[in-house]
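Engineer: First the structure, then my questions, so here it is.
The values are calculated or read from the model by the stated rules, or taken from the named source; none is laboratory data. From a predicted model like this one, the values you see are computed outputs, not experimental measurements. Cβ placement follows ideal geometry from the backbone for every residue including glycine, while neighbour counts extend to all protein chains displayed.
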Amino acid sequence: MLALTSATGKLGSAVLNAILDNALINPTELVVCTSTSPSNDQFNHLRDQGITVRYANFDEPDSLARAYTGCNALFLVSTPRIAMDYNNAPLWSGREAHHRAAIDAAVSVGVKHIYYTSLAFANPSKAGVMRAHIRTEKYLKELEEQGKVKVTVLREGLYNESWPLYFGYYFGLKEETRREVLVAGDGPISWTSIPDMAYGTAKVLAAPSEQWAGKTFYLSQKQTWRLKDIAEIVSKVKGEEVKIKAVSRKEYEDFYINEKGMEKPSVEWWSSTYDAVEDGECAIDDPTLETLLKEAGRSPEPLEETIETMLR
């Protein structure tokens, strides 16, 4: 039995769909874990396929243990509660606290293999967004070395669909009127679509445990785009020139906090991402995902297609 966390989130739901759409794992072998009531009608289509739905809340360790009972593997998607990481959260106060709760619960009920979704930055990294992942990876490695559980770390590529976040919080998309977008740096990024990543992840989860146990790898396409490339794509789609302006982190933070009214801890936490991008941390040279896609007769979705779809 495989327990899946965050199965209603962007990546988690895409992974579940990839498993089901490609008949990679028998639905009766899946346990979907949710912090929503399992009896909610939104899960009827899962139950109708023979999938078990159980309640699991990171803030309630007992619920995690109950949810994972009877499972021999856990697919642990990192928690989306990023505010836990703000203000340089000390160890076990950031998102890794939720991850550890899930890991400890899994080990306590005899789960033999944990698959963890980390992020496609380096380790060590300059990016604050990677801090909780690094702490979680370290904890998992310690447990693995102690022989308590087998571990696979999937450093998931930076979502194609997340480009507006890196592109100066460009969330207005079609309604955006900015002709110049402030960023705190630029560099090569191996953007990867969620469906492509989800398929690769699903293939890893469906493979025999020993095939991927003890491995850390990236699920990302190898082609890279810079933020200036995104500006050119956006300009082409919108029919008007949009440029980026690279400024210091301090100027970036001041602008988005004072001029755009964004939350100070959030902006300060996020701005370090640009240091990592400039250092080339997000230029991934790992063939794993492209190999898995090629075996299925697929190729990675280009970033241009995602941007055009989102803007139109």
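Engineer: Which residues, counting only those in the stretch 173-222, are among the hydrophobic types (A, V, I, L, M, F, W, C), closer than 30 Å to residue 248 by Cα and out of contact with any Cys (no Cβ under 6 Å at 6 or more places or on another chain)?
Structural biologist: 173, 181, 182, 183, 184, 191, listed by residue number.
Engineer: Among the residues of the stretch 212-231, is there at least one that is of a type in the set (S, T, N, Q) and over 22 Å from the mean Cα position of the chain (by Cα)?
Structural biologist: Of the stretch 212-231, the ones of a type in the set (S, T, N, Q) are 216, 220-221, 223-224.
Next, only the ones that are over 22 Å from the mean Cα position of the chain (by Cα) stay: none.
Scanning the stretch 212-231, I find no residue that is of a type in the set (S, T, N, Q) and over 22 Å from the mean Cα position of the chain (by Cα), so the answer is no.
Engineer: Being out of contact with any Ser or Thr (no Cβ under 8 Å at 6 or more places or on another chain) and either of a type in the set (Phe, Trp, Tyr) or farther than 30 Å from residue 29 by Cα (or both) is the requirement here; does residue 169 meet it?
Structural biologist: Criteria met by residue 169.
Engineer: Looking at the stretch 263-276, I want the residues that are within 11 Å of residue 125 (Cα to Cα) and in a loop (DSSP other than H, G, I, E, B) and have a partner that is modelled with pLDDT of 95 or more and among the β-branched types (Val, Ile, Thr) with Cβ atoms under 8 Å, at least 6 apart or on another chain. Which pairs are those?
Structural biologist: 272/129
Engineer: Which residues, counting only those in the stretch 102-128, are under 16 Å from the mean Cα position of the chain (by Cα) and part of a helix (DSSP H, G or I)?
Structural biologist: Within the stretch 102-128, 128 is the sole residue that qualifies.
Engineer: A follow-up question, please. Which members of the stretch 68-84 meet the condition of being under 22 Å from the mean Cα position of the chain (by Cα) and either closer than 30 Å to residue 210 by Cα or surrounded by 21 or more Cβ atoms within 10 Å (Cβ to Cβ) (or both)?
Structural biologist: Selection gives 68, 73, 74, 75, 76, 77, 78, 79, 80.
Engineer: Then there's this: Are any residues in the stretch 224-265 buried (at least 16 other Cβ atoms within 10 Å of the Cβ) and in contact with a Pro (Cβ under 7 Å, 6 or more places away or on another chain), and if so, which ones?
Structural biologist: 224
Engineer: Under 8 Å between Cβ atoms, at least 6 apart or on separate chains: pull out the pairs that start in the stretch 136-158 with a residue that is assigned to a loop (DSSP other than H, G, I, E, B) and of a type outside the set (A, V, I, L, M) and end on any residue that is modelled with pLDDT of 95 or more and surrounded by fewer than 23 Cβ atoms within 10 Å (Cβ to Cβ).
Structural biologist: Here the result reads 148/107; 157/190, each pair linking the stretch 136-158 to a residue that is modelled with pLDDT of 95 or more and surrounded by fewer than 23 Cβ atoms within 10 Å (Cβ to Cβ).
Engineer: Would you pick out the residues in the stretch 249-262 that are hydrophobic (A, V, I, L, M, F, W, C), closer than 18 Å to residue 87 by Cα and part of a helix (DSSP H, G or I)?
Structural biologist: From the stretch 249-262, those hydrophobic (A, V, I, L, M, F, W, C) are 255, 257, 262; that's our starting set.
Within this subset, residues satisfying the condition of being closer than 18 Å to residue 87 by Cα are 257, 262.
The answer is 257, and nothing else.
Engineer: Restricting to the stretch 205-248, name every residue that is of a type in the set (S, T, N, Q) and either outside any helix (DSSP H, G or I) or free of Cβ contacts under 8 Å to residues at least 24 places away in the same chain (or both).
Structural biologist: 211, 216, 220, 221, 223, 224, 235, 248
Engineer: Moving to a separate point now. Sort out which residues of the stretch 19-37 are farther than 16 Å from residue 207 by Cα, out of contact with any Cys (no Cβ under 9 Å at 6 or more places or on another chain) and crowded, with 18+ Cβ neighbours inside 10 Å, and write them in order of number.
Structural biologist: Answer for the stretch 19-37, where residues must be farther than 16 Å from residue 207 by Cα, out of contact with any Cys (no Cβ under 9 Å at 6 or more places or on another chain) and crowded, with 18+ Cβ neighbours inside 10 Å: 32, 33, 34.
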